[in-house]
Every structure is written in C-alpha cells, then in structure tokens.
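For reference, the structure discussed in these notes is given below.
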Amino acid sequence: MQTVIKNISSDENFPLRGEVFLNLFDQYVDFLVEDQASIDYVERCAVYFNSLDATHIDALCEASIRSYNDRAAMVGASAKTFATSRDELKLISPSALIIPNVDARDTPVARMELHCTWDKSL
C-alpha cells in the first residue's frame with residue numbers, strides 16, 4: 001500500500017509541509033499547511049481528495065475547461081476541446097495541496113495548486 005504522507009517538516013513559512021500521494025495524478029505532491037492543522041487533518045484531506053468519485057473528477061475537469069474557454073473568448077483566442085474532459089489531466093501538473101486556515105476542522109478542506117501547460121497560451 002502507498003504511504004499517503006512522507007517527508008514531513010516545518011519551516012518559517014509553514015508549520016507543516018511535506019509530500020502527499022494523490023491517486024488522480026499517480027504521484028507525490030507537496031503539501032503546505034497554512035495554519036495549525038495537525039498531520040491527522042492533512043491525512044484526512046488527502047484521503048478525501050483520493051476518494052473523489054468519477055462524477056466529481058469529471059465535473060472538476062469540465063469546470064477547468066469552461067474556465068479556460070471563457071478566458072480565451074475574452075481575449076479572442078480559440079477554445080480548447082478534448083475527446084473527454086479527463087484528457088486535460090495530461091496537460092496538468094499538480095504543484096501543491098494547500099491546507100488552509102479552517103474553522104471547522106471536522107470537514108476536510110484543501111486547495112490544489114496546478115500548473116496547466118495549455119493555459120499558458122492566454
């Protein structure tokens with residue numbers, strides 16, 4: 001079984017940082033805690049992200065494509081099309097899973113920072 005979290009440390013900018021394995025990208029990605037979340041909470045966020053079902057993943061991909069195409073239309077660029085919405089994932093590299101300041105720590109919350117090669121054309 002894949003270790004979900006590794007290389008845990010802290011520094012002057014983040015009380016916790018390390019790497020978390022994300023199934024969607026089949027790789028480890030940096031995680032950064034903005035506040036005082038525990039490592040248990042970080043793991044819950046990662047497990048939650050890794051358990052997103054196909055419907056949610058497809059919806060996120062479709063939203064990303066719509067966002068790009070809306071911005072492309074504003075600057076007169078061509079819209080992007082893909083055979084399936086998940087095809088865009090081949091052009092995305094995750095850079096960080098950011099665990100924000102959250103009041104209700106019972107609910108997993110995280111932001112994903114991504115680099116989209118196809119988005120650089122705008």
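The values are calculated or read from the model by the stated rules, or taken from the named source; none is laboratory data. Computed from a prediction, not measured in an experiment: that's the story for all the values here. Please note: Cβ atoms are built from the backbone with ideal geometry, for glycine as well, and neighbour counts cover all protein chains shown. Note: accessible area is taken over every heavy atom of the protein model, side chains too, but ligands, DNA and RNA are not part of it. Shrake-Rupley method; radii C 1.70, N 1.55, O 1.52, S 1.80 Å.
Some points to look at:
- Cut-off 11 Å between beta-carbons: net charge of the residues surrounding Phe14, Lys and Arg +1, Asp and Glu -1: -4
- Accessible area of Thr117 (1.4 Å probe, protein heavy atoms only, ligands and nucleic acids ignored): about 80 Å².
- Estimated vicinal HN-Hα couplings, Hz - region 7-20 in sequence order (Karplus 6.51, -1.76, 1.60; Gly, Pro = x): 6, 6, 8, 9, 8, 5, 9, 9, x, 9, 8, x, 10, 10
- Net charge in the neighbourhood of Phe82 (other residues with Cβ under 11 Å of its Cβ; Lys, Arg +1, Asp, Glu -1) is 0.
- Principal-axis tilt of helix 39-50 within the chain, Cα atoms, nearest 10 degrees: 30 degrees
- Computed from the Cα positions only, the extents of region 12-122 along the three principal axes stand at 45, 30, 25 Å, in decreasing order.
- Here the accessible area is traced with a 1.4 Å probe on the protein chains. For the chain, carbon and sulfur cover 50 percent of it.
- Dipole of the chain, positive direction: furthest Cα of Ser67, Ser9, Pro108, with charges on the beta-carbon: Ser67
- Ligands, DNA and RNA are left out, and with a 1.4 angstrom probe the accessible area of the chain is 61 Å² per residue.
- Neighbours of Asp58 by Cβ distance under 13 Å: Lys/Arg scored +1, Asp/Glu scored -1, total -2.
- Per-pair calculated FRET efficiency, R0 = 30 Å: Thr84 and Glu12 via Cβ, rounded to 0.05: 0.10
- Expected 222 nm ellipticity per residue - DSSP helices of 4 or more, -39500 (n - 2.57), all of the chain, to 500: -9500 deg cm²/dmol
- Modelled this way, with points 7 Å down the Cα-to-C-beta line, the labels at Leu114 and Gln36 are 3.4 nm from one another.
- The chain, dipole about Cα centre (Lys/Arg Cβ +1, Asp/Glu Cβ -1), debye to the nearest 20: 400 debye
- Taking Glu19, Glu88, Glu113 and ordering them by how much accessible surface each has at a 1.4 Å probe, largest first, produces Glu113, Glu19, Glu88.
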